[in-house]
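The values are calculated or read from the model by the stated rules, or taken from the named source; none is laboratory data. The shown structure was predicted, so the numbers you read here are calculated from the model rather than taken from an experiment. Positions of Cβ are generated from backbone atoms using ideal geometry, with glycine treated the same way; all protein chains shown enter the neighbour counts. Each accessible area value is taken on the protein alone, full model and side chains, heavy atoms only, with ligands, DNA and RNA left out. Shrake-Rupley method; radii C 1.70, N 1.55, O 1.52, S 1.80 Å.
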Amino acid sequence: MASDSKMVNLAEEAKAKLASEGVKAPSYALMSICKSLVAGGVAGGVSRTAVAPLERMKILLQVQNPHNIKYNGTIQGLKYIWRTEGFRGLFKGNGTNCARIVPNSAVKFFSYEQASKGILHLYRQKTGKEDAELTPLLRLGAGACAGIIAMSATYPMDMVRGRITVQTEKSPYQYRGMFHALSTVLREEGPRALYKGWLPSVIGVVPYVGLNFAVYESLKDWLIKSKPFGLAQDSELGVTTRLACGAAAGTIGQTVAYPLDVIRRRMQMVGWNHAASVVAGDGRGKTPLEYTGMVDAFRKTVRYEGFGALYKGLVPNSVKVVPSIALAFVTYEMVKDILGVEIRISD
């Protein structure tokens, strides 16, 4: 009995010590992870659905045949889709996009939180300052890690989503949905085809996602500390101010990484039997879509279409990215607050 009492006392002492050190129980930690993933997933689904027509327009402009121009701009292109395909045409590929972006966004936000914590811990150890905070450069590194992990985990879905999105009413319908597209690509082109365009995506995601997180978090910290124009109240920013921070982050990130996004989309079309006709919208003016790699894709695009081709679709993408990134950040933080998640990105 004495030994049992001693064991109980030791267990109570250990429990009290863990609590005093801020160590959470495994069940609590698991619940916190799940809530963080849910918040990220909801943020991705809401932000992408809100701008789905612009996302489709951007991809169509990126890959359209330069010898048979059908979309002359964002407004004209959206009107053409509305006239030929109706309301549903504006959201074509959005279901596949959400199936990709929900897990992508969940993994991205969660990975950023974990990477930030790990980098901050190492930074504090190296500097010997327990109160040290993440610098913009360290946030950029954490964001880059999160972007690479999330993009790589969901890339096959992004690849087939790009192909489904460019299909039109006049195109030969080869893909009926995401799973049909995945199985068709695997059967006809092999498993490596699911990662076509992966390298420019990895290179592009470093400045894009990295800058998104770095600019957003750094702007927030600066506004909270300096309190210009009374924007921060009790160390908190309003929804409008946070949306503005997200918009600035999205604008900077997408402008830097956009040429790589164009090359990624074009490489994703390689090997698809009906790619040329899908891009053109009909059977006229077909040109072979063949690239041996990322550098070759860059070279051929600039040689045959000019440097400006690397920024095709930038206008709808800019209009899309600004509200999309802003909504993603604010929705994520609001859902976290609703679910009671205690982790802050900037911790």
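Observations on the model:
- Residue check, Ala106 among the small types (Gly, Ala, Ser), on the phi < 0 side of the Ramachandran plot, open to solvent by 30 Å² or more (accessible area, probe 1.4 Å) and in contact (Cβ under 8 Å) with a residue 24 or more places away in the chain: no
- Residue count for region 42-76, restricted to those that are hydroxyl-bearing (Ser, Thr, Tyr) and either on the phi > 0 side of the Ramachandran plot or modelled with pLDDT of 85 or more (or both): 2
- Any hit, region 69-77, residues being part of a helix (DSSP H, G or I), open to solvent by less than 60 Å² (accessible area, probe 1.4 Å) and within 23 Å of Glu55 (Cα to Cα): yes
- All conditions in (1) of a type in the set (Lys, Arg); (2) under 24 Å from Ala326 (Cα atoms); (3) exposed (fewer than 14 other Cβ atoms within 10 Å of the Cβ) hold for Lys129, with the sole exception of (2).
- Leu194 being closer than 27 Å to Leu310 by Cα and open to solvent by 60 Å² or more (accessible area, probe 1.4 Å): no
- Extreme residue, nearest to Lys220 (Cα to Cα), among residues of region 132-161 that are surrounded by 19 or more Cβ atoms within 10 Å (Cβ to Cβ) and of a type in the set (D, E, K, R): Arg139
- Complete set of residues in region 248-271 that are in contact with a Phe, Trp or Tyr (Cβ under 9 Å, 6 or more places away or on another chain) and of a type in the set (Gly, Ala, Ser): Ala248, Ala249, Gly250, Gly253, Ala257
- Taking region 255-271 as the range and being of a type outside the set (D, E, K, R), open to solvent by less than 10 Å² (accessible area, probe 1.4 Å) and either modelled with pLDDT under 85 or in a loop (DSSP other than H, G, I, E, B) (or both) as the test, the residues that pass are Gln268, Met269.
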